[in-house]
Amino acid sequence: MKASTLEIIKNYYDSFNDQNLNHFLNLLDENVIHDINQSKTEIGKAAFSEFMESAYFHYKEKVTDLIIIANEDGSVAAAKFVVEGTYLNTAEELPKAKGQFYRLACGAFFTVKNQKITQVTNYYNLQDWLRQVSE
């Protein structure tokens, strides 16, 4: 089960990098819980899809330096990575987008059940991102 979970999380980030939303969403449980960094929690694939469509509109991002670990039964996993991105279109209540490049260290925690991701919790330093796009 551990190997399967590691593969699911790798596919999650490969799909993210490829902006392959259909494949990305197929990795998620219908009632996936998405804990957004320093924000709210959303539930369900539809909400996650809207979040990702908005993210793809506002940012062009790529995950690099990915490290994934999982517990023995594969029910829990964590990822450490770097996001390299370009701020493309101004997001509400955020600084004006002018094609700023940014690089952020990030972490994510996952719960996996029946070969589907049931919860994703993301963390990064929002103040660092704001500093990078405001310079």
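Taken together, the values in this text are just the output of simple stated rules run on the coordinates, not laboratory data. From a predicted model like this one, the values you see are computed outputs, not experimental measurements. All Cβ positions, glycine included, derive from the backbone under ideal geometry; neighbour counts span all protein chains shown.
Across the range 8-66, the qualifying residues are those that are among the hydroxyl-bearing types (Ser, Thr, Tyr) and over 13 Å from the mean Cα position of the chain (by Cα), and the one among them that is farthest from Gly85 (Cα to Cα) is Thr41.
Taking the range 1-26 as the range and being in contact with a helix residue (DSSP H, G or I) (Cβ under 9 Å, 6 or more places away or on another chain), under 17 Å from Ala78 (Cβ atoms) and surrounded by fewer than 17 Cβ atoms within 10 Å (Cβ to Cβ) as the test, only Asn11 passes. Of all residues in the range 105-135, those satisfying the criterion of being among the aliphatic types (A, V, I, L, M) and either without any contact (Cβ under 8 Å) to a residue 40 or more places away in the chain or part of a helix (DSSP H, G or I) (or both) are Ala105, Ala108, Leu126, Leu130, Val133. Applying a threshold of 7 Å to beta carbon distances and a minimum spacing of six or more residues, or different chains, the list of pairs starting in the range 59-76 at a residue that is closer than 14 Å to Ile117 by Cα and touching a residue at least 12 places away in the same chain (Cβ under 8 Å) and ending at one that is of a type in the set (Gly, Ala, Ser) and surrounded by fewer than 18 Cβ atoms within 10 Å (Cβ to Cβ) reads Gly74/Ser4. Determine if the range 93-104 includes at least one residue that is assigned to a strand (DSSP E or B) and charged (D, E, K, R). Yes, because at least one residue in the range 93-104 is assigned to a strand (DSSP E or B) and charged (D, E, K, R). Summed over the range 37-51, the residues that are surrounded by 14 or more Cβ atoms within 10 Å (Cβ to Cβ) and either part of a strand (DSSP E or B) or touching a Phe, Trp or Tyr at 6+ places or on another chain (Cβ under 8 Å) (or both) give a count of 2.
Exactly one residue out of Gly74, Gly85 is part of a loop (DSSP other than H, G, I, E, B) and in contact with a strand residue (DSSP E or B) (Cβ under 7 Å, 6 or more places away or on another chain), and it is Gly74. Comparison of Ser134, Ser75 shows that the only residue that is among the hydroxyl-bearing types (Ser, Thr, Tyr) and loosely packed, with under 14 Cβ neighbours inside 10 Å is Ser134.
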